[in-house]
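Only the coordinates and a few stated rules stand behind these numbers; no lab work does. As the structure is a prediction and not an experimental result, all values here were calculated from the model. Cβ placement follows ideal geometry from the backbone for every residue including glycine, while neighbour counts extend to all protein chains displayed.
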């Protein structure tokens, strides 16, 4: 009996999303252009693909986003560090 009620509660959000549509919110901003989205109702996860379309977030794309995020963060840190060095550089 308990399993049947759990199935009904998990099927209901999926059914509502299939009829009314998803309510996606940004769950993670990987870069300025690439984001991960998650539906508030059914917990479906999507990400931005290489051409800008939304695609399902598979383990492959999760790993790609992780590596892309790491590269982006390192590059942003380097740019900020260079800006600080040039801003506080004392002219001779």
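Details
- Approximate spin-label separation residue 84-residue 19, in nm, with each point projected 7 Å along Cα-to-Cβ: 5.5
- Crossing angle, helix 59-87 versus the chain [Cα axis fit, 0-90 degrees, rounded to tens]: 30
- The peptide list 52-65, 26-39, put in order of mean Cβ contacts within 10 Å with the highest first, becomes 26-39, 52-65.
- The long axis of helix 2-20 is offset from the longest Cα principal axis of the chain by roughly 60 degrees.
- Applying 1/(1 + (r/R0)^6) with R0 = 30 Å to the Cβ-Cβ distance of residue 11 and residue 58 gives a FRET efficiency near 0.85.
- Kirkwood Rh, Cα atoms: Rg over Rh of the chain: 1.26
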